[in-house]
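Asker: Please read through the structure below; I'll follow up with questions.
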Amino acid sequence: MTRTTTSLLAIALVCGASAASAENAKVVFGTNWLAQAEHGGFYQSVADGTYAACGLDVEIISGGPQVNNRALMLAGRIDYHMGGDMLQAFNAVKEDIPVVMVAATFQKHPQVILAHPGEAESWEELKDLTLLIGDNGFTSYYQWMIAEHGFTVEQRQPYTFNPAPFIADKRVGMQGYLSSEPFAVEKEAGFKPNVFLIADAGFSSYATMVETMQATIDEKPEQVKCFVEGSIKGWYNYLYGDPSAANELIKAANPDMTDDKLAFARNMMKDEGIVDSGDALEMGIGAINPDVVADFYAKMVKAGVIEDGLDIAASYTTQFVNQGLGMDLKPGG
């Protein structure tokens with residue numbers, strides 16, 4: 001091969017790479033915790049090329065105890081962020097920060113309260129137990145539990161994210177995440193705890209929302225559309241198709257994740273309708289209903305968690321959702 005031929009080949013490779021780069025815009029999505037099945041739909045669309053098919057090269061970066069990906073989005077270092085619940089969105093409005101929810105992945109918040117079998121068989125009976133609730137939970141959903149359901153400050157003790165005190169005392173209940181603490185307790189203690197979703201008791205916040213900056217919506221609406229629609233399709237494929245490729249990416253990003261925990265979490269999300277329930281059944285995964293947003297805001301105002309009078313319509317847009325996209329990917333869809 002001559003030097004000229006080698007140079008032409010090099011130029012061709014550079015041009016090809018540039019063309020590929022121009023074709024697929026690089027965007028970064030930051031999650032709010034370590035990689036897990038609760039992020040599965042996003043990893044699915046990376047693994048199966050759904051994002052790439054509409055022109056995006058998506059990098060997912062994990063959150064964690066020492067990581068604040070939301071701050072990175074505010075600083076312009078990442079493009080999209082996984083929100084926790086709508087309280088964050090309301091606080092952004094309060095602080096005049098132009099963060100916008102563009103999709104609500106979880107129609108039901110996966111926060112749960114665990115109890116020993118036989119000690120609390122209903123939500124009401126949880127009021128007879130000592131409850132281990134973390135500081136963040138105490139200032140948010142537990143204030144709603146007090147205002148709406150009559151739980152007390154006195155029965156709450158701080159949760160240190162160690163299930164041992166719960167396992168040791170049958171008269172103690174414990175906060176948890178639907179797919180995490182129930183699995184951990186069953187593995188460690190050998191019994192299935194009773195699990196109560198706070199969403200089923202009326203805590204109506206969306207969770208695991210896709211957030212971006214208003215400027216991104218204004219300047220790159222087609223990119224936002226591609227990311228949201230790609231994520232929606234990814235969630236249908238992860239829940240109802242073959243999740244193995246996405247799970248491999250999750251395990252690569254989080255070596256502590258195991259196949260049995262991934263399977264448990266995916267099954268719990270399906271069984272409890274975390275992703276695909278409520279308005280999502282009619283409008284598709286990611287659905288945002290202004291009435292749901294307003295209902296949750298009213299509950300948080302009543303509980304004293306957030307102030308009244310905020311322009312909560314600024315916290316979300318339905319521009320990219322509610323169109324039934326991906327419903328044909330469900331069995332029988």
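The values are calculated or read from the model by the stated rules, or taken from the named source; none is laboratory data. Predicted, not measured: the structure shown is a model, and the values here were computed from it. Positions of Cβ are generated from backbone atoms using ideal geometry, with glycine treated the same way; all protein chains shown enter the neighbour counts. Just so you know, the surface numbers come from the protein's heavy atoms only, side chains and all, with ligands and any DNA or RNA stripped out. Shrake-Rupley method; radii C 1.70, N 1.55, O 1.52, S 1.80 Å.
Asker: Looking at (1) in contact (Cβ under 8 Å) with a residue 24 or more places away in the chain; (2) within 17 Å of the chain's Cα centre (by Cα); (3) in a helix (DSSP H, G or I), can you tell me which one ALA245 breaks?
Answerer: Looking at each condition in turn, ALA245 falls short on (2).
Asker: Further question: Here are the criteria: (1) farther than 18 Å from ILE113 by Cβ; (2) surrounded by 20 or more Cβ atoms within 10 Å (Cβ to Cβ); (3) over 19 Å from the mean Cα position of the chain (by Cα). Tell me which single one PRO193 does not satisfy.
Answerer: The one condition PRO193 does not meet is (1).
Asker: Looking only at the range 110-132, count every residue that is hydroxyl-bearing (Ser, Thr, Tyr) and assigned to a strand (DSSP E or B) and tell me the total.
Answerer: 1
Asker: With the condition kept exactly as written, say whether any residue in the range 167-178 is closer than 25 Å to ASN32 by Cα and surrounded by fewer than 21 Cβ atoms within 10 Å (Cβ to Cβ).
Answerer: yes
Asker: Could I ask something else about it? So in the range 198-231, with the set limited to residues that are open to solvent by 10 Å² or more (accessible area, probe 1.4 Å) and within 18 Å of the chain's Cα centre (by Cα), which one is farthest from SER277 (Cα to Cα)?
Answerer: The selected residue is MET213.
Asker: Could you check how many residues of the range 75-88 are in a helix (DSSP H, G or I) and at pLDDT 95 or above?
Answerer: Result for the range 75-88: 2.
Asker: Right, here's the next one. Can you run down the residue pairs with Cβ atoms below 6 Å, 6 or more apart or on separate chains, where the first is in the range 280-301 and acidic (Asp, Glu) and the partner is open to solvent by less than 50 Å² (accessible area, probe 1.4 Å) and at pLDDT 95 or above?
Answerer: From the range 280-301, the pairs are ASP295/SER204.
Asker: Hey, GLU229 hits all of (1) closer than 17 Å to HIS39 by Cβ; (2) in contact with a Leu (Cβ under 9 Å, 6 or more places away or on another chain); (3) in a helix (DSSP H, G or I) but one; which does it fall short on?
Answerer: Answer for GLU229: the failing condition is (1).
Asker: Could you check how many residues of the range 309-333 are of a type in the set (Gly, Ala, Ser) and either open to solvent by less than 50 Å² (accessible area, probe 1.4 Å) or outside any loop (DSSP other than H, G, I, E, B) (or both)?
Answerer: Residues in the range 309-333 being of a type in the set (Gly, Ala, Ser) and either open to solvent by less than 50 Å² (accessible area, probe 1.4 Å) or outside any loop (DSSP other than H, G, I, E, B) (or both): 5 in total.
Asker: What pairs come up if the first residue lies in the range 84-100 and is farther than 15 Å from GLY309 by Cβ, the second is of a type in the set (Ser, Thr, Tyr), and their beta carbons are under 6 Å apart, counting only those six or more places apart or on different chains?
Answerer: ASP85/SER205; MET86/SER205; MET86/TYR206; LEU87/SER140; ALA89/SER315; VAL100/THR317
Asker: Just give me the residues in the range 53-73 being part of a helix (DSSP H, G or I) and surrounded by fewer than 16 Cβ atoms within 10 Å (Cβ to Cβ), in sequence order.
Answerer: ALA53, ALA71
Asker: Something else about it: Restricting attention to the range 150-194, which residues are in a loop (DSSP other than H, G, I, E, B), among the acidic types (Asp, Glu) and over 24 Å from VAL305 (Cβ atoms)?
Answerer: ASP169
Asker: Exactly one condition in (1) more than 16 Å from GLU38 (Cβ to Cβ); (2) open to solvent by 60 Å² or more (accessible area, probe 1.4 Å); (3) in contact (Cβ under 8 Å) with a residue 24 or more places away in the chain is not met by ASP256; state its number.
Answerer: ASP256 satisfies all of (1) more than 16 Å from GLU38 (Cβ to Cβ); (2) open to solvent by 60 Å² or more (accessible area, probe 1.4 Å); (3) in contact (Cβ under 8 Å) with a residue 24 or more places away in the chain except (1).
Asker: In addition: Of all residues in the range 123-155, how many are free of Cβ contacts under 8 Å to residues at least 60 places away in the same chain and either small (Gly, Ala, Ser) or in contact with a His (Cβ under 6 Å, 6 or more places away or on another chain) (or both)?
Answerer: Residues in the range 123-155 being free of Cβ contacts under 8 Å to residues at least 60 places away in the same chain and either small (Gly, Ala, Ser) or in contact with a His (Cβ under 6 Å, 6 or more places away or on another chain) (or both): 3 in total.
Asker: Take the range 131-163 and flag every residue that is among the aliphatic types (A, V, I, L, M) and farther than 17 Å from VAL195 by Cα.
Answerer: Across the range 131-163, the qualifying residues are ILE146, ALA147, VAL153.
Results for (1) at pLDDT below 95; (2) within 27 Å of ALA53 (Cβ to Cβ); (3) of a type in the set (Lys, Arg), shown as yes or no for each residue.
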site	(1), (2), (3)
ASN194	no, no, no
ILE198	no, no, no
ALA201	no, no, no
SER244	no, yes, no
LYS251	no, yes, yes
ASP260	no, no, no
ASN267	no, no, no
ASP279	no, yes, no
VAL292	no, no, no
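Asker: Follow-up question, since we're still on this one. Within the range 115-149, can you find the residues that are surrounded by 24 or more Cβ atoms within 10 Å (Cβ to Cβ) and over 24 Å from ASP308 (Cβ atoms)?
Answerer: Once the filter is applied, which keeps residues that are surrounded by 24 or more Cβ atoms within 10 Å (Cβ to Cβ) and over 24 Å from ASP308 (Cβ atoms), the range 115-149 yields ALA115, LEU131, LEU132.
Asker: Select, from ILE306, ILE250, the only residue that is hydrophobic (A, V, I, L, M, F, W, C) and not in a helix (DSSP H, G or I).
Answerer: ILE306
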